[in-house]
């Protein structure tokens, strides 16, 4: 009798632990659209649709002078048109009229290219000053997202130190965003801190800027890249299972250079004294993207992602001699189009 009871308990525990929510099958086939100096036009929208994208990330930037500066500057006339409220509004209208969904993803840029994850005020007063302006910044775009019925809103990008040191503020901010915005909410954490963020249970997606290092090699094979993803993928799957949330790549992508998968977050292989030789390598960009699509897009616990990045003037963007992240007018554009076509059902 006891053995039967124990067997029943073990069976129930197995069912409970292996439970997976009924996640939606449709994917965010996303692109991160770089803010433009002037208004978007229909000719800028057609290339987005041509690669089978269904959702576009708009990124209204705010600026800080340094890691300890409490004065956040945003929606300023000195900024590019696409980084301000008026530009975001016009972009949303044009994208929506052409059948594309939108994620609004406010981001901070710190002058001298300092990393936002290291943000650290020197006094409680400065923290409060910064928090007041950050809340105003986020609510400005959360209210716009509600007005325009935007399907996805991101409450911050790569701000781990801020979230760790000021958890009460983040609790308050999430609640205030929920009060003004009824859509889905995520946050974009850096790849190396995604499993340490405290508030996934209060959000709708686990957002990660997915620049995971997957190979030390100059030109790895697809098999080597898949192997390099194993531990990262397992961590993300476990995080999804623990939180009952889908993982969303709020950013992903590679440059078309040798060693692109060693430190994928670098915009230049020679940054900060790195003397690593740099050569154009379109084939590696293609292989690395294809492995991401093969490894993640079929998974039920994965919600899709936003490729970093896409420029509005498609005819002049990218190209064979361009060594940046964009796939435009490179071999990678065809891979993007082909894979997004496999998951091109309309998002509701």
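Bear in mind that the values in this text are calculations on the coordinates, not laboratory data. A quick note: this is a predicted structure, and the numbers were derived from the prediction, not measured. Counting neighbours? That spans all protein chains shown, and the Cβs are built from the backbone with ideal geometry, glycine included.
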Centre separation in Å (Cα based) which lies between the stretch 37-55 and the stretch 212-234: 32 Å
Whole-angstrom gap from the stretch 275-338 to the stretch 86-111, using each part's C-alpha centre: 21 Å
Packing rank of 238-249, 299-310, where each peptide gets the mean count of other beta carbons within 10 Å, highest leading: 299-310, 238-249
Relative packing of peptides 25-38, 64-77 - highest average C-beta neighbours within 10 Å first: 25-38, 64-77
Highest-first arrangement of 122-128, 282-288, 168-174, 180-186, where packing means the average Cβ count within 10 Å: 282-288, 180-186, 168-174, 122-128
Residue-averaged [θ]222 nm for the chain, counting only DSSP H segments that reach four residues, each worth -39500 (n - 2.57): -12000 deg cm²/dmol
The chain: relative contact order as a whole-number percent, Cα under 8 Å and 6+ apart: 20 percent
Share of pairwise Cα separations in the stretch 27-162, more than 22 Å, in percent: 39 percent
Kirkwood hydrodynamic radius (C-alpha pairs) into Stokes-Einstein, the stretch 195-348, 20 °C and 1.002 mPa s, D in µm²/s: 131 µm²/s
Hull volume in cubic angstrom per residue (convex hull over the Cα atoms of the stretch 24-68): 119 Å³
Compactness of the stretch 145-216, expressed as Rg and Dmax over alpha-carbon positions, Å: 13.2, 46
Potential extension, residue 227-residue 313 segment - 0.36 nm per residue separation minus Cα distance: 27.3 nm
DSSP bridge pairs, the stretch 93-224: antiparallel proportion in percent, nearest 5: 10 percent
Residue order, fewest to most beta carbons within 10 Å, for 22, 294, 209: 22, 294, 209
Order of 58, 40, 266 - criterion: other Cβ atoms within 10 Å of each residue's Cβ, fewest first: 266, 40, 58
Computed P(r) (all Cα pairs; the stretch 23-342; 20 Å bins; percent): 33, 62, 6
Compactness of the stretch 93-194 - radius of gyration and Dmax, Cα, Å: 14.5, 47
Hydrodynamic radius (Kirkwood) for the stretch 152-271, which is based on Cα pairs only, to one decimal in Å: 15.6 Å
Residue order, fewest to most surrounding Cβ atoms within 10 angstrom, among 121, 235, 103: 235, 121, 103
